[in-house]
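Working notes for the structure below.
The values are calculated or read from the model by the stated rules, or taken from the named source; none is laboratory data. Note that the coordinates shown come from a computational prediction; the quantities given were computed from them, not determined experimentally. Glycine also receives a Cβ, built like all others from the backbone with ideal geometry; neighbour counts cover every protein chain displayed. Ligands, DNA and RNA are stripped out before the accessible areas are found, and what is left, the full protein with its side chains, is counted by its heavy atoms. Shrake-Rupley method; radii C 1.70, N 1.55, O 1.52, S 1.80 Å.
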Amino acid sequence: MIALLAVALITLLASIVPGPDFAMVTRNSYLHGRRAGLLAALGIALGVQVHVFYTMFGVALLIAGSPALFTAIKLAGALYLAVIGWKTWTNRAGLVIDLHGGASVPRRQILLNGLLTNALNPKTTLFVISTYTQVVQPGTPLAVQFGYGLCMSAIHLAWFALVAVFFSQARFRMRMVSHQRSIDRLIGAVLMALGVALACANMDKL
């Protein structure tokens, strides 16, 4: 239960930080309607699963082949969470969302674009690997590992569905963007604290 809560917390924090996925869902919802925004959100959630599948099997191979290497990667993953926390804390780049009109896009294309936004995002790759290595242990059942992945996707879907419904409206979007600096600082601080705590725990095992 604690591991699942950790996955949920880290995933939620990483999802909330405004980025390209936020911009894409907002734009689709604004230009093509909420259904299009929800399809983009579903695509993003499915994109997470691409990383989950290869991460699961890679972690299993590491556990079986070299427990010491697996522990080292757990430490690197924890430090990575601290690094992205620091980058989020120090982020000064404002989010730009292109809301100019465009040609109508087929629904399947919107879904595919959402999937590719996460499936081809190297930051999502590192995020999933870092999170998985913190909670998967030797002997963790395959069903439980799948459960972690489904939790990640479900949180992405829930958050970006909210983005599609609410942040296509100017007043909500402008309020979110105007407070981006404060949001980044809060999320960055929590991620840094989690990363350092996990790194310290993993160093004790080396």
*Of L150, M174, A93, which is farthest on the positive side of the dipole of the chain, counting Cα position, with +1 on Lys and Arg Cβ, -1 on Asp and Glu Cβ, and the Cα centre as origin?*
M174
*Under a GNM of the chain (C-alpha, springs under 10 Å), which listed residue has the highest mean-square fluctuation: A45, A82, A60?*
A60
*Square roots of 5 times each gyration tensor eigenvalue, C-alpha, region 1-122, largest first, Å*: 32, 18, 12
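Report, in cubic angstrom per residue, the convex hull volume of the C-alpha atoms of region 125-189.
Numbers: hull volume 6.4 nm³, N = 65.
Convex hull volume per residue, Cα atoms: 98 Å³.
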*Selection from T140, V190, Q109 lying farthest towards where the dipole of the chain points positive, charges on Cβ*: Q109
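Can you give the alpha-carbon Rg of region 61-157 over 2.2 N^0.38 Å, where N counts its residues? Spell out each step's value before the answer.
Working: Rg = 17.6 Å, N = 97, 2.2 N^0.38 = 12.5 Å.
So region 61-157 has a normalised radius of gyration of 1.41.
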*So, with +1 on the Cβ of K and R and -1 on the Cβ of D and E, and no other charges, what is the size of the charge dipole of the chain about its Cα centre, to the nearest 20 debye?*
580
_Between region 187-204 and region 1-40, how far is it from one alpha carbon centroid to the other, in angstrom?_
23
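Hey, what does the equivalent ellipsoid look like for region 37-98, semi-axes from the Cα gyration tensor as sqrt of 5 times each eigenvalue, largest first, whole Å? Write out the running numbers ahead of the final one.
Working: eigenvalues 179, 89, 6 Å².
That gives 30, 21, 5 Å for the three semi-axes.
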*Among L191, L120, L79, which one shows the biggest mean-square fluctuation in a GNM of the chain, springs joining Cα atoms closer than 10 Å?*
L120
*Taking the inverse of the average 1/r across all pairs of different Cα atoms in the chain, what Kirkwood radius in Å do you get?*
17.6
*Extending each Cα 7 Å along its Cβ direction at S104 and M1, get the distance between those two points in nm, one decimal.*
5.1
_Ranked order, T133, T90 - accessible area, probe 1.4 Å, largest first_ = T90, T133
*asked:* Restricting to Cα pairs below 8 Å that are 6+ residues apart, what does the relative contact order work out to for the chain? Please round to a whole percent.
replied: 44
